[in-house]
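For reference, the structure is listed below as structure tokens.
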């Protein structure tokens, strides 16, 4: 059995930031990462990140990932177990995991769940055909393995992921037939949309897919326009010949461990699904268990890194580390999160988090 | 279907290795996933659904959705999107739920 | 074919409107004087690298990083560092003083292959529509880390506020 002060489940931007923050204050940290390398979704991001210098704005996602990994590797108080999947968090505090075919038992004093989020699906006829991928899958194929997913893509969803992955497809030499978005406006950053439009790729808002078709894999899709009540308008059908349909229709927090650990959960649409009730220091209703990153509410990598830092500091502080500096670090992280969320783009998240502070929620 | 030149990324691929897909010899690179190697070789249909025999392929490519289960070196229900390719691997289409050894 | 007529708002189409562009276009006088940055950033998102990139102090530091960038056209010398750093690739440098009939438009470029000096490319506007064939007269690399190229195109002066993208001849596909 492994005894550890702080166990971090998930080695993406939130988990890596939490590890460095906690270890810098003196705590011993173990990260469990199911993939063969840490970095989470950052490793696939080729675009430059936004935010401010504190969140490495201007650097490309994978460069930020490499930097966070290096910081962890340098720190002797941080251990990383890759190819290790957390299996359960038990009432007595034990955490089990599977690594290299072995069943492992870990006894942590504090736990930070930073397991991220997974892709949503939408229902349409033949949505199970080969050639229909989540946007993350297309990124994995293209940016990790250098493999083109097909020749001509229909992108569904004009949020940041749909816009960014469309651009990445174009960079990989793949034709994007168009981006369709059911809502009447583009949900992602308009500068991403502008890049796509000036390359000649159409973005159609108020449009949806009515079906995909193909024998053994995708050969085409039918799309149509929606009216103000989101109902299909007859006569607006278009037939697109594509061999890939990419779904960028949102992410859901991967909260199974939180449910199992008996955290009080709530469905919050603004945060993209079921999330744990937590206070402003990211501690859930299960004392000693924190959440950070997309698992606490789907947002951006920049806030994932700051939340990770905050959770790491709080977990270490609660063990008695960093008594002199922790309050200042907590204040800085909270201020950065407010700053990131201050504009119109952050209002949805702010509203979602307020719902977690309702009566019945963890007190702030 | 492999990218050779990219404006941002350099692809450091491992050694070229051969493996078998339903008896046919294919080439891939050590260290990439089986799903990637099959995709590069043009294989997008990874199996068929049990009852209605609908073609199935990758969806999430990261181990979440179980759309890509195949038999690898005799072991069924392997998520080939996370399993790394090794020289000489025998990858086979899985029919039904697979037999546990 | 995929085409969409109707409401032209930026948040519906992804294409800045004439109204949007008025806010970031300098006077005719300033355009005639020499290179200047056109910061086509119209949405309040948390982002401020342009303010740090500018060595002339022409882009005001932001109290709130969600603010839109404020550029002082007279302080701006068109050096192009902001163009190369903007994560949204939303900054362009134009020089309407290039000649009597022509102007230079500099765009950020992140595709492969990169155009060569002297090459003729198809210039596109913000909606991806073709505006003509223009010559590339300079290509600057952003460096090993940055990787964003700056491509300079010579365009007819009256298109200086329209050309914002380019397409090389031929089809780009992976092997």
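Condition first: more than 16 Å from residue A:248 (Cβ to Cβ), more than 13 Å from every other protein chain (Cβ to nearest Cβ) and surrounded by 24 or more Cβ atoms within 10 Å (Cβ to Cβ). Can you find one or more residues in region A:91-103 that meet it? No, there is no match, as no residue in region A:91-103 is more than 16 Å from residue A:248 (Cβ to Cβ), more than 13 Å from every other protein chain (Cβ to nearest Cβ) and surrounded by 24 or more Cβ atoms within 10 Å (Cβ to Cβ).
Tell me, which residue of region A:42-56 that is touching a residue at least 24 places away in the same chain (Cβ under 8 Å) and touching a strand residue (DSSP E or B) at 6+ places or on another chain (Cβ under 9 Å) is nearest to residue B:83 (Cα to Cα)? Applying the filter and picking the extreme gives A:45.
Here residue A:125 meets each of (1) within 13 Å of chain B (Cβ to nearest Cβ); (2) under 17 Å from the mean Cα position of the chain (by Cα) with one exception, condition (2). Within region A:208-227, the only residue that satisfies the criterion of being within 12 Å of chain C (Cβ to nearest Cβ) and either over 16 Å from residue A:125 (Cα atoms) or assigned to a loop (DSSP other than H, G, I, E, B) (or both) is A:225. Among the residues of this structure, residue A:115 counts as one that is within 30 Å of residue A:162 (Cα to Cα) and either in contact with a helix residue (DSSP H, G or I) (Cβ under 8 Å, 6 or more places away or on another chain) or part of a loop (DSSP other than H, G, I, E, B) (or both). Remark: residue C:134 falls outside the filter, which requires a residue to be out of contact with any helix residue (DSSP H, G or I) (no Cβ under 6 Å at 6 or more places or on another chain), within 14 Å of chain A (Cβ to nearest Cβ) and part of a strand (DSSP E or B). With respect to the stated conditions, residue A:64 is crowded, with 16+ Cβ neighbours inside 10 Å and out of contact with any strand residue (DSSP E or B) (no Cβ under 7 Å at 6 or more places or on another chain).
State yes or no: is residue C:8 more than 16 Å from the chain's Cα centre (by Cα) and closer than 23 Å to residue A:163 by Cα? Spelling it out, residue C:8 is indeed more than 16 Å from the chain's Cα centre (by Cα) and closer than 23 Å to residue A:163 by Cα.
Got a number for residues in region A:193-207 being closer than 19 Å to residue A:161 by Cβ and part of a helix (DSSP H, G or I)?
5
The strands (runs of 3 or more DSSP E) found wholly in chain B and carrying at least 1 residues that are in contact (Cβ under 8 Å) with a residue 60 or more places away in the chain and either more than 8 Å from chain A (Cβ to nearest Cβ) or surrounded by 21 or more Cβ atoms within 10 Å (Cβ to Cβ) (or both) occupy B:16-21, B:90-92.
Residues of region A:139-157 include at least one that is on the phi > 0 side of the Ramachandran plot, more than 10 Å from chain B (Cβ to nearest Cβ) and buried (at least 24 other Cβ atoms within 10 Å of the Cβ).
Going through (1) touching a residue at least 24 places away in the same chain (Cβ under 8 Å); (2) buried (at least 22 other Cβ atoms within 10 Å of the Cβ); (3) over 30 Å from residue B:11 (Cβ atoms) one by one, residue A:203 falls short only on (3).
Of all residues in region A:178-200, which are more than 7 Å from chain C (Cβ to nearest Cβ) and farther than 22 Å from residue A:343 by Cβ? Answer for region A:178-200, where residues must be more than 7 Å from chain C (Cβ to nearest Cβ) and farther than 22 Å from residue A:343 by Cβ: A:179, A:180, A:182. Considering every residue within region A:120-132, establish whether at least one is touching a helix residue (DSSP H, G or I) at 6+ places or on another chain (Cβ under 8 Å) and buried (at least 24 other Cβ atoms within 10 Å of the Cβ). No, there is no match, as no residue in region A:120-132 is touching a helix residue (DSSP H, G or I) at 6+ places or on another chain (Cβ under 8 Å) and buried (at least 24 other Cβ atoms within 10 Å of the Cβ).
Just so you know, all these numbers are worked out from the coordinates, no wet-lab data involved. All figures in this text were calculated on a predicted structure; none of them were measured in a lab. Cβ: placed from backbone, ideal geometry, glycine included. Neighbour counts: every protein chain shown.
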